[in-house]
1. Only one of 54, 61 is in contact with a Lys or Arg (Cβ under 7 Å, 6 or more places away or on another chain) and within 16 Å of ligand 1 (Cβ to nearest atom); which?
2. Only residues in the stretch 203-215 that are farther than 16 Å from residue 34 by Cβ and in contact (Cβ under 8 Å) with a residue 40 or more places away in the chain count as the first member; pair them with residues that are open to solvent by 10 Å² or more (accessible area, probe 1.4 Å) and among the aliphatic types (A, V, I, L, M), Cβ under 7 angstrom, at least 6 apart or cross-chain, and list the lot.
3. For the stretch 11-27, does any single residue satisfy the condition of being within 16 Å of ligand 2 (Cβ to nearest atom), within 25 Å of residue 84 (Cβ to Cβ) and buried (at least 22 other Cβ atoms within 10 Å of the Cβ)?
4. I need the full set of residues from the stretch 176-205 which are within 16 Å of ligand 2 (Cβ to nearest atom) and more than 16 Å from residue 164 (Cα to Cα), in order please.
5. For the condition within 24 Å of residue 172 (Cα to Cα) and open to solvent by less than 70 Å² (accessible area, probe 1.4 Å), what is the one hit in 65, 106, 57, 89?
6. For the stretch 28-54, which positions are within 11 Å of ligand 2 (Cβ to nearest atom) and open to solvent by 40 Å² or more (accessible area, probe 1.4 Å)?
7. Looking at the stretch 72-96, I want the residues that are farther than 14 Å from residue 158 by Cα and among the basic types (Lys, Arg) and have a partner that is within 16 Å of ligand 1 (Cβ to nearest atom) and open to solvent by less than 70 Å² (accessible area, probe 1.4 Å) with Cβ atoms under 7 Å, at least 6 apart or on another chain. Which pairs are those?
8. Residue 120: surrounded by 24 or more Cβ atoms within 10 Å (Cβ to Cβ), in contact with a Ser or Thr (Cβ under 9 Å, 6 or more places away or on another chain) and either without any contact (Cβ under 8 Å) to a residue 60 or more places away in the chain or not in a strand (DSSP E or B) (or both), yes or no?
Amino acid sequence: MVKVDGLYKSYGSLPVLKGVSFEVAKGEVVCIIGPSGGGKSTLLRCINHLEEPDAGVVEIDGESVRPATRNPLHRERHLNRMRSEIGMVFQRFNLFPHRTALENVVEGLTTVKKIPRNEAREIAKQYLTRVGLADKINEYPSRLSGGQQQRVAIARALAMQPKVMLFDEPTSALDPELVGEVLSVMRDLAENGMTMLAVTHELGFAREVANRVMFIDDGQIIEEGPPKQVLSNPQHPRTASFISKVL
Ligand code: ADP
Ligand code: MG
């Protein structure tokens, strides 16, 4: 479902991704761990071309995310379509503050997917119900807890019916008692066959839910494998040192 091959990205003279290659199969859950500054967010942002990679290929379900043309209109159309297949959930929820939970979810459906407003509202309700917020659809973000806001953000991404969901530290901005409700929505998604790539330092979640864990440091995949192996018996000293600090 996801193929990343030979990805390079520098900011000015600073190389951030130094040849990253991996694949994620349909329905697979891959957790990415690694120290701050190692390039994890840049990798996710390159996957949906929020950042343009310097080199390398990203394919979603066999189709290249990079536009094949220089024509600005065609480029934008292609990127919009590819991005609608890639759900993204950030550490900061990025909800529109002046819109209710429902309106936040409706927005992408009407603007990107051109779904009529009435139908979009029904779809939005379904997804908000799925993340346990049926009773909060008319609340504004400021009246929701961080965990509830993050669940709105997940519902917003899911409503677009993406082929893959990318999560960038979705629980690290939350108070500890709110982490569980977000992880439980993610666990539910995984169990229902969503293809997921999640940067997270919730090692318990990675151990239980991930099919594979990737340790990324200094712009490269240092080690990857089944969670038990990478988390309990890391082969590389940098992985071992990182895990001992997180635990
Ligand atoms: P991580 O998510 O693993 O903490 P990032 O991908 O955010 O790492 O950052 C990797 C490196 O790239 C860091 O050194 C960071 O300062 C740098 N970086 C990230 N985004 C930018 C940017 N837009 N401009 C310049 N440098 C950036
Ligand atoms: Mg990051």
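The values are calculated or read from the model by the stated rules, or taken from the named source; none is laboratory data. Quantities reported herein were computed from a predicted structural model and do not represent experimental measurements. Every residue, glycine as well, gets a Cβ built from its backbone with ideal geometry; the counts of neighbours run over all protein chains shown. In case anyone asks, the SASA skips ligands and DNA or RNA and just uses the protein heavy atoms, side chains included. Shrake-Rupley method; radii C 1.70, N 1.55, O 1.52, S 1.80 Å.
1. 54
2. What qualifies is 209/190.
3. Going through the stretch 11-27, the residues within 16 Å of ligand 2 (Cβ to nearest atom) turn out to be 11, 14, 16-17, 20.
Filter once more, keeping what is within 25 Å of residue 84 (Cβ to Cβ): 17, 20.
Narrowing further to those that are buried (at least 22 other Cβ atoms within 10 Å of the Cβ): 17, 20.
Yes, because at least one residue in the stretch 11-27 is within 16 Å of ligand 2 (Cβ to nearest atom), within 25 Å of residue 84 (Cβ to Cβ) and buried (at least 22 other Cβ atoms within 10 Å of the Cβ).
4. Hits for the stretch 176-205 are 200, 201, 202.
5. 89
6. 36, 37, 41, 45 - these are the residues of the stretch 28-54 that are within 11 Å of ligand 2 (Cβ to nearest atom) and open to solvent by 40 Å² or more (accessible area, probe 1.4 Å).
7. Close Cβ pairs (under 7 Å, with a partner that is within 16 Å of ligand 1 (Cβ to nearest atom) and open to solvent by less than 70 Å² (accessible area, probe 1.4 Å)) amount to 92/173.
8. Considered against the rule, which asks whether it is surrounded by 24 or more Cβ atoms within 10 Å (Cβ to Cβ), in contact with a Ser or Thr (Cβ under 9 Å, 6 or more places away or on another chain) and either without any contact (Cβ under 8 Å) to a residue 60 or more places away in the chain or not in a strand (DSSP E or B) (or both), residue 120 comes out as no.
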